[in-house]
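To start, the structure under review is shown below, and the notes come after it.
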Amino acid sequence: MQKTLTYKILENHLVEGQLAPGEPIGIRIDQTLTQDATGTTAFLLFESMGIGRVKTDLSVSYVDHNMSQFGPENHNDHLYLQTIAARSGVYHSRPGNGICHQVHLERFGRPGATLLGSDSHTPTGGGLGMLAIGAGGLDVAAAMGGGAFYLTCPKVIGVELTGRLGDWVSSKDVILKLLEILSTKGNVGCVVEYFGPGVETLTVPQRATITNMGAELGVTTSLFPSDSMTRAFLQAQGRADAYQPLSADPEPDYDRLIKINLSQLEPMAACPSSPDNIQPISAIEGRPIAQVVIGSCTNSSFMDLMMAAEVLKGRTVDAGVEFAVAPGSRQVLQMLAENGMLAELIGAGARILESGCGPCIGQGFSPADGVVTLRTFNRNFAGRTGTQGDQCYLVSPETAVASAMMGEITDPRKLTELIGLGYPKIKLPREFLIDDSMIEVPPPPQEAGRVSVHRGPTIVVPESPRPLPNELNGQVLLKCGDKITTDHIMPAGSFLKYRSNVPLYSKYVFHCFNEDGKPTFAERALALKQKGVAGVVVGGESYGQGSSREHAALCPMYLGVRAVLAKSIERIHKANLINFAIVPIEFADPTDYDRINADEVLQIPDLLEAIKLLDEVRIVDTTGGFEFKGVLKLSPRDRTILLAGGLLNLAKKANKG
């Protein structure tokens, strides 16, 4: 049987189960990454497991999200992460060193290795030939302790790339094209694997853009082969020893095959307010814009910013446009400073933002009301910019810089005729600037044991879930529609600084659905919890898409939510619900969704028996006077976790044993 690259790597790391699509498996994790918005909770949970020191080949703690430090919360988190990393044997990337995915690609990624990260864009590492998967912080904490990562053995979607990208067409346009084909839903349990002669024309930074935004497809991860381009990148990073050639067999058995001719692609955009609302730039050009940002973990590489600097050399952005650049890493920023191209960006009118996530998560640079903002980011969910009713378009750096100069959405291919500018083709450097002085290497165990962990007053240890009842008596706290993201459930932006304090952060669960003058979701949930009544959330298709933030399960659990009933639930969020003992249930008949209303009382008799043995559960709507079936899509391990009252309780028992 001809094997995909995905299955070759899975086979080398398999510790439990059989490699057959749809079967539950456990794999060994070589590396982990955390970032500060999810990492504080991940390390608090790791400490609660009582393991002490990480058992992976490499674990890295990054600080890249909460950088603004308005008030003490952010810095408290940073000091905790710095000291707990030293205590636990974890590398620590300090604030300002860069975005976790960009830095990990540059300094730590290894072809053929497995990487588990508490950030949904961890699949960026697939650009290096890694099997890199995003997960909730509790799963990452378990992996740091030497535990396997459990997932559904995936189907593999083969994407054959032919041809070569034309001038002013970007690798961003490749993933936008795939989002147009596959959309953001219906791809759970799949891996996207790229192959074909077109792959050889793409550098690692270009591949990383594609695998990064592959997270928006809802797949487990995305993967490129490791080849001469991979070797060139690793050599330029001074890490030639990490290289190994990896590819699928000549005729692998893909579950689905998609063909994309790079030569036929044109500049594209994801229009408001979903990454799969795709239009060619030629169909939307001419719309006035007021803001442009180049950055994020998708498009902030040295090559991206060099291209933008070359285009802007000796020119300025339109007076009506605020233009910002956020380098993806300190390495990128230093190299631009040393070769003089940072000065070109500044001279053109660019505001230079910190090497961090910033505007991508609503941390500053929010657009004005009613204006168009162009961003080279990966997500444009409504309000994610920090402005309600935003008009956010996701585009390539080429489209972004062309539009910034022209003051309107502009097809970058027209720059040749508009200003006589040819496309600046940027080559991968032979040598990147290597300066790891802001990456702290963990001390040896005997020294680590003497490290005093800094615990500020804003850092609160999360409580463990209560055991599930055999009969669940609940009330529908909220009925919501399709594509409810984890941003809807737990807002980011100015609320991010509360993530280390679950009781406080929980006040903002479903904040976007609260109405002035009425009790909030949190207030209603806590009132039910005090009465011994469980909270239930009802959702439509693709419930829980987007970020890996486990707070979207942890905080509802704290408020007493014990079940989510939806038409479909996305992979990472479903795993997080299970980890915190919230039962994920899907409608057996999707039309039953229409029969349920907010505030109705639901009963699930014999819940524990169903979790133990059954794939269906009987649900009684006592308010509406009818019964219906819910589907339990649970692996044996999922059932064990739910019956144990969550993964943390299970891990504690295992560690004591």
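The values are calculated or read from the model by the stated rules, or taken from the named source; none is laboratory data. Given the structure is predicted, the values throughout are model-derived calculations rather than measurements. Here the Cβ is made from the backbone with ideal geometry for all residues, glycine too, and neighbour counts use every protein chain on show.
Assorted remarks:
- When residues of the stretch 401-415 are limited to those that are outside any loop (DSSP other than H, G, I, E, B) and under 20 Å from GLU344 (Cβ atoms), the one nearest to the chain's Cα centre (by Cα): VAL401
- ALA141 meets all of the listed conditions (1) surrounded by fewer than 24 Cβ atoms within 10 Å (Cβ to Cβ); (2) assigned to a helix (DSSP H, G or I) but one, namely (1).
- Tally of residues being in a loop (DSSP other than H, G, I, E, B) and either closer than 12 Å to ASP599 by Cβ or in contact with an Asp or Glu (Cβ under 8 Å, 6 or more places away or on another chain) (or both) across the stretch 529-539: 1
- Residue among ALA492, ALA563, ALA553 that alone is in contact with a helix residue (DSSP H, G or I) (Cβ under 8 Å, 6 or more places away or on another chain) and closer than 28 Å to ASP589 by Cβ: ALA553
- Neighbours by Cβ (under 7 Å, 6+ apart or cross-chain): first from the stretch 404-418, in the same structural domain as LEU374 (by TED's automatic domain parsing) and hydroxyl-bearing (Ser, Thr, Tyr); second in a strand (DSSP E or B) and surrounded by 22 or more Cβ atoms within 10 Å (Cβ to Cβ): none
- Test: residue in the stretch 599-613 that is surrounded by fewer than 19 Cβ atoms within 10 Å (Cβ to Cβ) and under 31 Å from the mean Cα position of the chain (by Cα): no
- Of all the numbered requirements in (1) of a type in the set (A, V, I, L, M); (2) farther than 30 Å from PHE510 by Cα; (3) in contact with a Cys (Cβ under 9 Å, 6 or more places away or on another chain), ALA382 misses one, and that requirement is (2).
- Output for the stretch 61-100, where each listed residue is buried (at least 22 other Cβ atoms within 10 Å of the Cβ), of a type in the set (Gly, Ala, Ser) and either in a loop (DSSP other than H, G, I, E, B) or in contact with a Gly (Cβ under 7 Å, 6 or more places away or on another chain) (or both): SER61, GLY98
- LEU421 vs. criteria aliphatic (A, V, I, L, M) and outside any helix (DSSP H, G or I): yes
- Scanning the stretch 118-132 turns up no residue that is in a loop (DSSP other than H, G, I, E, B) and surrounded by fewer than 24 Cβ atoms within 10 Å (Cβ to Cβ).
- Only residues that are more than 24 Å from SER635 (Cα to Cα), in a strand (DSSP E or B) and either over 18 Å from the mean Cα position of the chain (by Cα) or aromatic (Phe, Trp, Tyr) (or both) were counted across the stretch 19-58, and they come to 1.
- Here the helices (runs of 4 or more DSSP H) wholly within the stretch 431-528 that include at least 2 residues being surrounded by 16 or more Cβ atoms within 10 Å (Cβ to Cβ), assigned by TED's automatic domain parsing to the domain that holds ILE641 and out of contact with any Pro (no Cβ under 9 Å at 6 or more places or on another chain) are 486-489, 502-505.
- Test: LEU526 is modelled with pLDDT of 95 or more and in contact with a Leu (Cβ under 7 Å, 6 or more places away or on another chain): yes
- Within the stretch 243-257, residues that are touching a residue at least 24 places away in the same chain (Cβ under 8 Å) reach no partner that is surrounded by fewer than 19 Cβ atoms within 10 Å (Cβ to Cβ) and of a type in the set (Phe, Trp, Tyr) with beta carbons closer than 8 Å at six or more positions or on different chains.
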